[in-house]
Amino acid sequence: MSTTVNVVCYKSKVLKNNESPLMIRVCRDRKMKYQSLGISILPKYWDFKANKPTSKVQIRSI
């Protein structure tokens, strides 16, 4: 089976500073697992359609 790995902004979890953590999503055999990267970003700096940061990004460590 194929395995895919993506970096996603986990917008369902909002931290105290109104940022969302960046997570690694691993999909294998239709099962997803998430692992935190230890950094967070404001959702306005994340392009959810392209699944990448915008040009004016500000990333902070958690």
Among the numbered conditions (1) part of a loop (DSSP other than H, G, I, E, B); (2) without any contact (Cβ under 8 Å) to a residue 12 or more places away in the chain; (3) surrounded by 10 or more Cβ atoms within 10 Å (Cβ to Cβ), tell me where Lys33 comes up short. (1)
Output yes when any residue across region 42-49 is exposed (fewer than 13 other Cβ atoms within 10 Å of the Cβ) and either at positive phi or hydrophobic (A, V, I, L, M, F, W, C) (or both), and no when none is. yes
Taking the criterion of being modelled with pLDDT of 90 or more and basic (Lys, Arg), would at least one residue in region 34-47 satisfy it? no
For region 54-62, check the following and say yes or no: at least one residue is free of Cβ contacts under 8 Å to residues at least 40 places away in the same chain, in a strand (DSSP E or B) and surrounded by 12 or more Cβ atoms within 10 Å (Cβ to Cβ). yes
Arg25 passes all but one of the listed conditions (1) loosely packed, with under 13 Cβ neighbours inside 10 Å; (2) assigned to a strand (DSSP E or B); (3) among the basic types (Lys, Arg); the exception is number (1)
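The values are calculated or read from the model by the stated rules, or taken from the named source; none is laboratory data. Please read all numbers here as calculations on a predicted model, not as lab measurements. Counting neighbours? That spans all protein chains shown, and the Cβs are built from the backbone with ideal geometry, glycine included.
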